[in-house]
1. For a quick check of your reading: which helices (runs of 4 or more DSSP H) sit entirely within segment 1-107 and have at least 1 residues that are crowded, with 17+ Cβ neighbours inside 10 Å, of a type in the set (Asp, Glu) and touching a residue at least 40 places away in the same chain (Cβ under 8 Å)?
2. Taking segment 375-385 only, how many residues are assigned to a helix (DSSP H, G or I) and either in contact (Cβ under 8 Å) with a residue 60 or more places away in the chain or surrounded by fewer than 17 Cβ atoms within 10 Å (Cβ to Cβ) (or both)?
3. Is there a residue in segment 412-434 that is in a helix (DSSP H, G or I) and touching an Asp or Glu at 6+ places or on another chain (Cβ under 7 Å)?
4. Farther than 30 Å from residue 242 by Cβ and modelled with pLDDT of 80 or more: which single residue out of 387, 345, 421 fits that description?
5. What is the one condition in (1) of a type in the set (Val, Ile, Thr); (2) at pLDDT 85 or above; (3) over 30 Å from residue 349 (Cα atoms) that residue 180 does not satisfy?
6. Among (1) in contact (Cβ under 8 Å) with a residue 40 or more places away in the chain; (2) buried (at least 21 other Cβ atoms within 10 Å of the Cβ); (3) under 30 Å from residue 10 (Cβ atoms), where does residue 351 come up short?
7. Does residue 405 count as at pLDDT 90 or above, surrounded by 21 or more Cβ atoms within 10 Å (Cβ to Cβ), touching a Cys at 6+ places or on another chain (Cβ under 9 Å) and of a type in the set (A, V, I, L, M)?
8. For residue 271, are the conditions met, namely being over 19 Å from residue 62 (Cα atoms), outside any helix (DSSP H, G or I), aliphatic (A, V, I, L, M) and more than 19 Å from the chain's Cα centre (by Cα)?
Amino acid sequence: MLSLSAIILLLLLVLVLLALGIPIGFALGGVSVAGVLLLMGPSGLYMLFATAYGEVTNYLLIAVPLYIFMANMLGVSDLADDLYQAVHSWFGRLRGGLAMGTVVICALFAAMAGISSVATVAMGLIALPSMFKRGYHKNLALGCVSAGGALGILIPPSIIMIIYGSIAEVSIGQLFMGGVIPGILLTLIFVVYIGVRCMINPKLGPPVTERLSLADKIRTVRGILLPMLLIGSVLGVIYFGICTPTEAAGIGAAGAVICSLIYRKLTLRNLYQACMRTMRLNAMVLWIMIGAVSFSHLMSLAGLHTHTLDLISKVQAEPWVILIIMQFTFFILGMFLDPAGVIMITTPVFLPIVNQLGFDPVWFGVLFVINMEMAYLTPPFGFNLFIMKGVAPPEVSMGDIYRSIIPYVVLQALCLILVIIFPQLVLWLPQNMVVK
């Protein structure tokens, strides 16, 4: 076991490597190899390899590439165009209607994709120019796309929840169900905020002037039937205990291929693109997991868990105060690290404390995911902010994007507080689902 000062030096070394631009998986893995060599010698490397191999070959993680493939297949099916056309037809004449509809579409994409980048890219390319063209304020348009896209890690199926569940040994199906109500709640909070702001200041989101007949509006509804059916199928088989989340991922992937076929987008070129994107993203996730699991193993050997538990036991504070300190730690780490990396670093340390304090690990996991939503919008890491810069028109600066997300981060914090105060927002569905 190492001293606390030596452990802090290892953590600082990881932060230095990240600051130098080293990918998080390699930074964590490299420090892990060096630390194990110092602690155990060459014989410790086999233990490190066995731990990492055992984690990344976990059956539950098969769901990750399947959900990523599902997202990519839907991405090449031009589904976003049909969804946005439906929103434009039905809600465009409301003040802020396009922005509110964009958030709803992002929520639908979240329920089909499991990652945030799909909705952010799609709506950034489709909704953003449409809102700018119709006189929407820059901050309102940019903010609703960035914040709406971040819903992808909260509304199930969520790749982040799968990673957390596999590390924390928590039911992924219960995590998925636990994210449903908070995801809907946060979507409604965004929509209400946009509606109220545009009622107070109509210039922020003026109504569109185009008029469509009722028949034309009804025709646009057909574009959302398949996505809704796919969402209902994936979540329904999990909730009623028909399939495990991993099996449901297979249903979702097959359903995405069928949707692509119905939309006449199932070409060899599109299939190749979807498979290549899936391979790249899945490889990135697995390398992060390998590095983070190795680092977690090093921290366990070094005695970080013991030091942390000793420190917590010496702090004469209420359990809720300790919980808030954990949430603040997540927020700070999320500003600098990928959410998957934050999971790997903090879960082995925090989860024993959570269990010791008597908090529900499913509820705690959803709190973590909401916090990581905030991480997607907070600089300097802010993954969605960089995606938005890549898809926004050239005249949009990073300063514009940073200013646009401020109210949405506050709203995410409000949702986090509500879920902390009312745990049943998370726990009601998991407690009533049929567990398989």
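1. Helices (runs of 4 or more DSSP H) meeting the threshold: 43-56, 79-91.
2. Counting residues in segment 375-385 that are assigned to a helix (DSSP H, G or I) and either in contact (Cβ under 8 Å) with a residue 60 or more places away in the chain or surrounded by fewer than 17 Cβ atoms within 10 Å (Cβ to Cβ) (or both) gives 3.
3. There is at least one residue in segment 412-434 that is in a helix (DSSP H, G or I) and touching an Asp or Glu at 6+ places or on another chain (Cβ under 7 Å).
4. Criteria check complete, one pass: 421.
5. Every condition holds for residue 180 apart from (3).
6. (2)
7. Answer is no for this residue.
8. Here the answer is no, as residue 271 does not meet what is asked.
The values are calculated or read from the model by the stated rules, or taken from the named source; none is laboratory data. Computed from a predicted model, the values in this text were never measured in an experiment. Cβ coordinates were reconstructed from backbone atoms using ideal geometry, including for glycine residues, and neighbour counts include every protein chain displayed.
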